[in-house]
Amino acid sequence: MRHSNRPSGLLVGVLCGLLLLPACTTLSVDEEEQIGNEASRELRKELDFVRDEWVVKYVRDIGAQVVKAAGPSEYDYEFFVVQDDELNAFALPAGYIYIHTEIILEAANVSELAGVIGHEVGHVALRHVARNYNRQRNTGILYNAAALVASIFVGGHAAAGGQMLGQLAAVAYVNQFTREAEVEADRFAVEFLPQAGYDPAGMVSFFETLRAKSGGDNVPTFMRSHPATSDRIAHTQGLIEEAELGSGLKITDNGQLELIQRRIELLTRR
Ligand SMILES: [Zn+2]
């Protein structure tokens, strides 16, 4: 696959970043930024970005609304659209969020896309990479660096894709972290999407799409640590019911998503 070399390049970048970190401390926001900057620089070389201003602005506007709803943040969020037909999205530490074109194309409405974005913002805002890193330090596990890289991908994972994880995903400890982190990121999205004006119901319907695309709950090995999609559907649905949301939340956006989808199709000659 064309992105098969992605983890190795990124690994080098992040390892370099880590080597600069002072020993035996927890990961600070500054250090998170250092890792995020380093990793995003690597990705800049390895990914195909959509540069079309309409497409990028559309995603950034949704992202900005979710970020604003979540309140003051220590991070400067930045949203990127990656031309990639794998159904995936992920986040790097300190606010770098990447949405694949396939996510936009498969979204049935804006609430589904906002759900993915909200989930990824959740991973950043809840500092999942930093927390994972700190926890590993405390237990003295030696593969910190590789695990951190894996957690960037696994932990920042909204969708069923992810062949790029390769052997890094075999790190069991990270997988353990991921299960909890996924649930927390879902919870974050259910909490803040309504405040940004979006109906979180799109999260549930998009999970259904993921389940259909990944062949039911029979997910590939690298995804086994993730909560099974059916569990996520039930859990998220439960959170939405508990939230007792008012009416008027946005599910569609007057055909804007459809225009963006057509634009992506033209740009990528799908
Ligand atoms: Zn996730």
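The values are calculated or read from the model by the stated rules, or taken from the named source; none is laboratory data. Note that this is a predicted model, so its numbers are computed, not measured. Cβ atoms come from the backbone with ideal geometry, glycine included; neighbour counts cover every protein chain shown. Keep in mind that these areas ignore ligands, DNA and RNA; they rest on the heavy atoms of the full protein, side chains included. Shrake-Rupley method; radii C 1.70, N 1.55, O 1.52, S 1.80 Å.
If I filter region 182-202 down to residues being among the hydrophobic types (A, V, I, L, M, F, W, C) and either modelled with pLDDT of 95 or more or open to solvent by 10 Å² or more (accessible area, probe 1.4 Å) (or both), which single residue comes out as farthest from Thr229 (Cα to Cα)?
Per the criteria, the residue is Ala196.
Which residues, counting only those in region 82-134, are closer than 22 Å to Phe192 by Cα and of a type in the set (Val, Ile, Thr)?
Ile97, Ile99, Ile103, Ile104, Val110, Val116, Ile117, Val121, Val124, Val129 - these are the residues of region 82-134 that are closer than 22 Å to Phe192 by Cα and of a type in the set (Val, Ile, Thr).
Give the residue, chosen from Ala89, Ala70, Ala94, that is within 15 Å of the chain's Cα centre (by Cα), on the phi < 0 side of the Ramachandran plot and small (Gly, Ala, Ser).
Ala89
Could you list, in sequence order, the residues of region 102-115 that are within 13 Å of the ligand (Cβ to nearest atom) and open to solvent by 10 Å² or more (accessible area, probe 1.4 Å)?
None - no residue of region 102-115 is within 13 Å of the ligand (Cβ to nearest atom) and open to solvent by 10 Å² or more (accessible area, probe 1.4 Å), so the list stays empty.
Just wondering, is there one or more residues in region 61-69 that are under 23 Å from Leu266 (Cα atoms) and surrounded by fewer than 13 Cβ atoms within 10 Å (Cβ to Cβ)?
Yes, region 61-69 contains at least one residue that is under 23 Å from Leu266 (Cα atoms) and surrounded by fewer than 13 Cβ atoms within 10 Å (Cβ to Cβ).
Can you say whether Ile233 is over 24 Å from Thr101 (Cβ atoms) and either of a type in the set (Val, Ile, Thr) or modelled with pLDDT of 90 or more (or both), as far as the supplied structure shows?
Against the criterion (over 24 Å from Thr101 (Cβ atoms) and either of a type in the set (Val, Ile, Thr) or modelled with pLDDT of 90 or more (or both)), Ile233 qualifies.
List the pairs whose first member sits in region 43-66 and is touching a residue at least 24 places away in the same chain (Cβ under 8 Å), whose second member is small (Gly, Ala, Ser) and crowded, with 20+ Cβ neighbours inside 10 Å, and whose Cβ atoms are under 6 Å apart, counting only residues at least 6 apart or on separate chains?
Cβ pairs passing all conditions: Ile62/Ala114; Gln65/Ala196; Val66/Gly118; Val66/Ala196.
Every residue in region 88-101 that is touching a helix residue (DSSP H, G or I) at 6+ places or on another chain (Cβ under 6 Å) and either surrounded by fewer than 22 Cβ atoms within 10 Å (Cβ to Cβ) or modelled with pLDDT of 90 or more (or both), please.
Within region 88-101, Gly95, Tyr96, Ile97, Ile99, Thr101 meet the criteria.
I'm told Val171 meets every condition in (1) within 15 Å of the ligand (Cβ to nearest atom); (2) modelled with pLDDT under 95; (3) aliphatic (A, V, I, L, M) except one. Can you identify the failing condition by its number?
(1)
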